[in-house]
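Here is the structure we will look at.
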Amino acid sequence: MEVAIVKYNAGNIFSVESALRRLGVTPCLTDDAETLRRADCVLFPGQGEASGAMSYLCERGLDDIIRSLRQPVLGICIGQQLLCRHSEEGDTDCLGIFDADVRRFMPESHEDKIPAMGWNELTQLQTPLFAGLKEGDFVYFVHSYYVPLCSQTIATTDYVQPYSAAMHKDNFYATQFHPEKSGRVGETILSNFLQIAAEASILKTQTK
């Protein structure tokens with residue numbers, strides 16, 4: 001199975017690559033359009049700032065390439081935020097896959113530290129992305145912006161207020177948390193995503 005990681009100006013990409021290698025997958029880190037379109041699945045991870053990341057993607061045509069992908073795609077951290085419609089970070093228009101806007105955390109007490117950093121639990125799990133997991137499993141977050149709950153939310157967490165820990169629309173999945181830094185739970189999520197991709201690839205072959 002061909003697995004591609006979008007190469008762009010966002011950090012943390014190599015930790016995702018390492019996590020996939022631990023699952024027995026050797027991904028291709030690329031910004032080449034044909035390589036991304038040919039892959040059985042694409043991961044779109046990163047840490048960084050929304051406006052700079054979107055400028056980089058648009059300058060290289062990667063914005064249109066990502067929108068055109070039809071195989072399973074998994075956005076991670078800022079990857080989830082960039083798949084949304086708009087971000088308050090830098091007043092940035094994003095890729096518009098998810099019908100939601102990204103908001104900045106507004107602390108409600110001195111105990112609310114921004115960025116949100118550390119382990120938090122997942123609830124209201126939906127879709128096969130979370131197969132084998134249970135309500136209350138913990139994953140690792142680092143972020144200052146969040147996606148409010150919406151119709152495309154498939155997992156919820158709570159920091160300052162409940163928000164979208166994960167999202168899904170058509171072939172696009174996304175997590176605000178870092179599965180590659182979330183131990184056994186994160187490994188299960190990445191494995192589930194690869195299984196979703198494998199099943200989609202088989203179905204595509206059968207319908208040709």
Kindly indicate the residue of the stretch 170-208 that is out of contact with any helix residue (DSSP H, G or I) (no Cβ under 9 Å at 6 or more places or on another chain) and among the aliphatic types (A, V, I, L, M) and also surrounded by the fewest Cβ atoms within 10 Å (Cβ to Cβ) among those meeting that condition.
LEU203
Within the stretch 1-32, restricting attention to residues that are in contact with a Leu (Cβ under 8 Å, 6 or more places away or on another chain) and of a type in the set (Ser, Thr, Tyr), which residue is most open to solvent (accessible area, probe 1.4 Å)?
THR26
Restricting to the stretch 33-52, and then to whatever is more than 21 Å from PHE177 (Cβ to Cβ) and either among the hydroxyl-bearing types (Ser, Thr, Tyr) or out of contact with any Asp or Glu (no Cβ under 6 Å at 6 or more places or on another chain) (or both), can you tell me which residue is least open to solvent (accessible area, probe 1.4 Å)?
LEU36
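Could you say whether any residue in the stretch 114-131 is in contact (Cβ under 8 Å) with a residue 12 or more places away in the chain, closer than 29 Å to SER191 by Cβ and out of contact with any strand residue (DSSP E or B) (no Cβ under 9 Å at 6 or more places or on another chain)?
Our first condition is that a residue be in contact (Cβ under 8 Å) with a residue 12 or more places away in the chain; within the stretch 114-131, this holds for 114-131.
If we keep only those that are closer than 29 Å to SER191 by Cβ as well, we get 115-131.
With out of contact with any strand residue (DSSP E or B) (no Cβ under 9 Å at 6 or more places or on another chain) added as a condition, the list becomes 128, 131.
Yes, that holds for at least one residue.
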Subset of the stretch 135-144 [without any contact (Cβ under 8 Å) to a residue 60 or more places away in the chain and either touching a helix residue (DSSP H, G or I) at 6+ places or on another chain (Cβ under 7 Å) or buried (at least 16 other Cβ atoms within 10 Å of the Cβ) (or both)]
ASP137, PHE138, VAL139, TYR140, PHE141
Scope the stretch 145-166; condition open to solvent by less than 60 Å² (accessible area, probe 1.4 Å), over 21 Å from PRO72 (Cβ atoms) and either at pLDDT below 95 or part of a strand (DSSP E or B) (or both); matching residues
TYR145, TYR146, THR156, THR157, TYR159, VAL160, GLN161, TYR163
Quick check on the stretch 132-141. Is at least one of its residues within 23 Å of ASN192 (Cα to Cα), out of contact with any Leu (no Cβ under 8 Å at 6 or more places or on another chain) and not in a loop (DSSP other than H, G, I, E, B)?
yes
Subset of the stretch 121-131, residues farther than 16 Å from PHE193 by Cα and buried (at least 17 other Cβ atoms within 10 Å of the Cβ), comes to LEU122
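The values are calculated or read from the model by the stated rules, or taken from the named source; none is laboratory data. Everything quoted here is computed from the prediction, not taken from an experiment. Glycine gets a Cβ as well: all are built from the backbone with ideal geometry, and neighbour counts include every protein chain shown. Heads up: the accessible areas ignore ligands, DNA and RNA and are worked out on the full protein's heavy atoms, side chains in. Shrake-Rupley method; radii C 1.70, N 1.55, O 1.52, S 1.80 Å.
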